[in-house]
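Participant: Have a look at this one.
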Amino acid sequence: MDIVSRIYLVILVAWSAVMLVWGLAGFYEYFTGTTPIIKLQNSAYPGGLQFVHWFLISLTGGTFLIGYLTHWSWTPFAMILLFSNLTVMCTIQTFDFMSDQWSLNAYIGELIFYLATSLFLIYSTVSKSHFSP
């Protein structure tokens, strides 16, 4: 089971790097109006929600990467806090601005990911070992 946990931790590092790059690219498009590679802004979302969206995505990716690299003991708890904020933002986006029916499936999948990852970060022996003081 340790090998699966170690693989999942590496996947979380890769996921966090993608989140950080995606968030920074979204901020770039948000502030400059220039599309980096693909259009990242959702025209259905108000400007303030877009800002919070990119802020939380960048902060989540950056927090996990820095926490992982420094073995910061508060990383699991910080991630749970960030996941709860992402859940609120995703709930608002899904139920106030849902443009496609598939968004509900993505929403449910996202919540399952946040819950599973939170449980992993708190209870996994690999996570406990990595983030221990």
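Taken together, the values in this text are just the output of simple stated rules run on the coordinates, not laboratory data. Because the structure is a prediction, the values reported are computed rather than measured. So basically every Cβ, Gly included, is an ideal-geometry build from the backbone, and we count neighbours across all protein chains shown.
Participant: Can you give me the Rg/Rh ratio for region 16-133, using Cα atoms for both radii and the Kirkwood formula for Rh?
Facilitator: Ratio value, two decimals: 1.01.
Participant: Follow-up. For THR34 paired with ARG6, estimate the spin-label separation in nm (one decimal), with each label point 7 Å from Cα along the Cα-to-Cβ line.
Facilitator: Placing both labels 7 Å beyond Cα along the Cβ direction yields 4.3 nm.
Participant: Considering region 55-94, what Rg and Dmax in Å follow from its alpha-carbon atoms?
Facilitator: So, for region 55-94, Rg and Dmax equal 10.8, 35 Å respectively.
Participant: Which three extents, in whole angstrom, do the alpha-carbon atoms of region 1-57 cover along their principal axes, largest first?
Facilitator: Sorted largest first, the three principal extents are 45, 21, 15 Å.
Participant: Sticking with this one: Build a GNM of the chain with springs between Cα atoms under 10 Å: which of THR63, THR34, THR94 gets the top mean-square fluctuation?
Facilitator: THR34
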